[in-house]
Amino acid sequence: FSQAFARGKFRTKKWGRVRIIRELKQRNISAYNIKLALKEITDTDYYQTFETLAEKRNAQLSSEKNIQKKRKKTSDYLLYRGWESNMVYEKIREIV
């Protein structure tokens with residue numbers, strides 16, 4: 001179950017590892033099974049998905065004039081989706 005869950009949520013909903021782990025823990029899945037589930041997501045796919053998601057969100061907020069608001073909205077969106085905070089803040093500095 002955990003492997004299919006991780007694959008599905010990553011591919012369809014574009015969730016990051018943090019959110020997937022949180023949701024699996026909520027369903028009382030063991031740490032061993034969570035680790036197995038995360039192996040379903042390759043690093044290249046993971047970073048590529050993150051990049052496209054960040055770029056897409058940045059494009060959606062192109063009408064936002066206030067840079068601070070734009071940064072906040074983009075980072076909140078990515079953090080809610082479960083992407084690692086260090087990746088998010090690095091990308092925010094890079095994009096905006």
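The values are calculated or read from the model by the stated rules, or taken from the named source; none is laboratory data. Since we're looking at a predicted model, the values are computed, not measured. Here the Cβ is made from the backbone with ideal geometry for all residues, glycine too, and neighbour counts use every protein chain on show. The area values use the complete protein model at the heavy-atom level, side chains included, leaving out ligands, DNA and RNA. Shrake-Rupley method; radii C 1.70, N 1.55, O 1.52, S 1.80 Å.
Quick check for you: with a 1.4 Å probe and neighbouring chains kept, what is the accessible area per residue of the chain, in Å²?
That works out to 65 Å² per residue.
When we measure straight from the Cα of Lys9, which aspartates and glutamates land under 18 angstrom away, once same-chain ones fewer than 8 places off are left out?
Answer for Lys9, where 18 Å is the Cα cut-off: Glu23, Glu40, Asp43, Asp45, Glu51, Glu84, listed by chain and number.
Hey, what do the phi angles of the range 3-11 turn into as Karplus ³J(HN,Hα) couplings, whole Hz, using 6.51/-1.76/1.60 and θ = phi - 60°, x for Gly and Pro?
5, 5, 4, 4, 4, x, 5, 5, 6
Take the Cα pairs of the chain, get the Kirkwood Rh, then feed it into Stokes-Einstein at 37 °C and 0.692 mPa s and tell me D in µm²/s.
Numbers: Rh = 14.0 Å.
My calculation gives 235 µm²/s for D.
Got a number for the accessible area of Tyr32? Probe 1.4 Å, square angstrom, nearest 10.
Around 150 Å² of this residue is reachable by solvent.
Modelling each spin label as a point 7 Å along the Cα-to-Cβ direction, I'd like the Gln3/Arg22 distance in nm, to one decimal.
2.7 nm
What nm value, rounded to one decimal, do you get for the distance between Lys35 and Asp76 when each label is placed 7 Å out toward the C-beta?
It works out to 3.7 nm between the two label points.
Roll a 1.4 angstrom probe over the protein heavy atoms and tell me the percent of accessible area of the chain that is carbon or sulfur.
49 percent
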